Amino acid sequence: NMLSNDQPIVSLSPYRKHELSNKIVTAMGNEQSIMSSSPPGFLFRFLTSVLRNSLFPATKTFGFTISKDWIREQKTQSINVPFVSTNDVVVSKFCNTLQCDLAIMAINFRGRIDGCTDDDVGNYEDLLSYTKDDYVTPSLIRKSVSGPYRRAGNGKMPSNWEHATRGT
């Protein structure tokens, strides 16, 4: 991060690498993200939620402090992966607490696909969707972001009807 006092200022490449879009889709197992594929049921639920929340705001804000000891303990329980990150632990716990039908997490592809580096300006990201079976453990989150970049559990994506009628 060049905004830190102790980091050198380096030149970045301002040129868009259009070929990376296809590489990102390939890295995700040729499965388009839910925002790219935009299933009708998902779009219906998304747009009606935006409209409802605009007209009748019900958002409540909460802040939490996460115990470093708890994070350390959770990291020791990783299964079938060399390690889990703090983000893996927090995402899994957050989704399990909410019991959401579908969770979406952005994946930054810098350093994860050929030709995409920290020196490139622009967004080289996509979204991973997780069902309840996909976020059960931090290890499943870690597997999903270790390549290929897709859900690591056995959960099936909600149908259009499920998106439209019960999505959380």
**Prompt:** surrounded by 11 or more Cβ atoms within 10 Å (Cβ to Cβ), among the charged types (D, E, K, R) and under 14 Å from the mean Cα position of the chain (by Cα) - does that describe any residue in segment 69-86?
**Reply:** no
**Item:** Scan of segment 41-64 for residues that are in contact with a helix residue (DSSP H, G or I) (Cβ under 9 Å, 6 or more places away or on another chain) and surrounded by 11 or more Cβ atoms within 10 Å (Cβ to Cβ), ordered by number
**Value:** G41, F42, L43, F44, R45, F46, T48
**Fill in**
A careful count of residues in segment 92-145 that are under 19 Å from V81 (Cβ atoms) and exposed (fewer than 13 other Cβ atoms within 10 Å of the Cβ) gives 1
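What helices (runs of 4 or more DSSP H), lying completely within segment 72-168, carry at least 2 residues that are more than 23 Å from G29 (Cα to Cα) and at pLDDT 95 or above?
Of the helices (runs of 4 or more DSSP H) lying wholly inside segment 72-168, those with at least 2 residues that are more than 23 Å from G29 (Cα to Cα) and at pLDDT 95 or above span 86-98.
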**Message:** Checking the condition touching a strand residue (DSSP E or B) at 6+ places or on another chain (Cβ under 6 Å) and of a type in the set (V, I, T), which residue from I107, I141, I66, I79 passes?
**Reply:** I107
**Request:** Please identify the pairs in which a residue from segment 36-62 that is in contact (Cβ under 8 Å) with a residue 40 or more places away in the chain and part of a loop (DSSP other than H, G, I, E, B) has its Cβ atom under 8 Å from the Cβ atom of a residue that is of a type in the set (S, T, N, Q) and surrounded by 12 or more Cβ atoms within 10 Å (Cβ to Cβ), counting only partners at least 6 apart or on another chain.
**Result:** P39/N160
**Asked** What number of residues within segment 1-23 are part of a loop (DSSP other than H, G, I, E, B), surrounded by 10 or more Cβ atoms within 10 Å (Cβ to Cβ) and polar (S, T, N, Q)?
**Response** 0
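Output the residues belonging to segment 132-168 that are among the β-branched types (V, I, T) and over 22 Å from L43 (Cα atoms).
Result: V136, T137, I141, V145.
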**Asked** Could you list, in sequence order, the residues of segment 24-35 that are touching a Leu at 6+ places or on another chain (Cβ under 7 Å) and part of a loop (DSSP other than H, G, I, E, B)?
**Response** S33
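The values are calculated or read from the model by the stated rules, or taken from the named source; none is laboratory data. Predicted model, so just to flag it, every value in this text is computed and none were measured. Here the Cβ is made from the backbone with ideal geometry for all residues, glycine too, and neighbour counts use every protein chain on show.
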